[in-house]
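A quick write-up on the structure given underneath.
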Amino acid sequence: SESGTTREVDAIDAEHAKNLQSDFWRSDAVLRLRARPDHPYSRFFTGNRQTLRGGDADARAALFAFHRAFYRAPQMALAVAGPQSLDALQRLVQANFGALPPGPAPPASAAYDALPPPFDTQP
């Protein structure tokens, strides 16, 4: 939903604001400045309201495309614990997760596998 996308953009923006105070995040940002400009590692890393365009229609379309490509049962693991019987837990899992698409999804890194390393190896 649009309100769900807005909430997610708000959460990502808040995480980005928190990261600005993190020494680890700052040192990683400096390291990314040394990466090749044409390598994805050199780009903005966490996202914020501006980079996500406030969750506009294009951002939502990209989110749904990512979801369709990568949210597949073989890409996931699920741990379930509860006081119910094993049969009852299995029914709950099937009812709530059975609609996940089966079959292979492209590896999340497929777009980057052919890239050269992000840093020049020569001095």
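Numerical summary
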| read-out | value |
| --- | --- |
| Ranked by how many other beta carbons lie within 10 Å on average, peptides 35-43, 78-86 from highest | 35-43, 78-86 |
| Solvent-accessible area per residue, Å², over the chain with all protein chains present [probe radius 1.4 Å] | 77 Å² |
| Cα gyration tensor shape for the range 75-123, rounded if a/c is under 1.5, else prolate or oblate | prolate |
| Whole-Hz ³J(HN,Hα) from phi, Karplus 6.51 cos²θ - 1.76 cosθ + 1.60, for the range 2-15, glycine and proline x | 5, 5, x, 5, 4, 4, 5, 4, 4, 5, 5, 5, 5, 5 |
| Dipole magnitude of the chain about its Cα centre (Cβ charges: Lys, Arg +1; Asp, Glu -1), debye to nearest 20 | 60 debye |
| Residue (of 111, 59, 101) at the positive-pole extreme of the range 11-123, dipole from beta-carbon charges | 59 |
| Angle in degrees between helix 23-33 and the longest Cα principal axis of the chain, rounded to the nearest 10 | 60 degrees |
| Rounded tilt (10° steps) of 86-97 against the dominant C-alpha axis of the chain | 50 degrees |
| Centre separation in Å (Cα based) which lies between the range 71-123 and the range 1-41 | 23 Å |
| Cα-based convex hull volume of the chain per residue, rounded to whole Å³ | 182 Å³ |
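The values are calculated or read from the model by the stated rules, or taken from the named source; none is laboratory data. It should be emphasised that the depicted structure is a prediction, and the values quoted were computed from it without experimental measurement. A quick note on method: Cβ atoms are made from the backbone with ideal geometry, for glycine too, and the neighbour counts reach across all protein chains shown. Side chains are part of the model used for accessible areas, which takes the heavy atoms of the whole protein and leaves out ligands, DNA and RNA. Shrake-Rupley method; radii C 1.70, N 1.55, O 1.52, S 1.80 Å.
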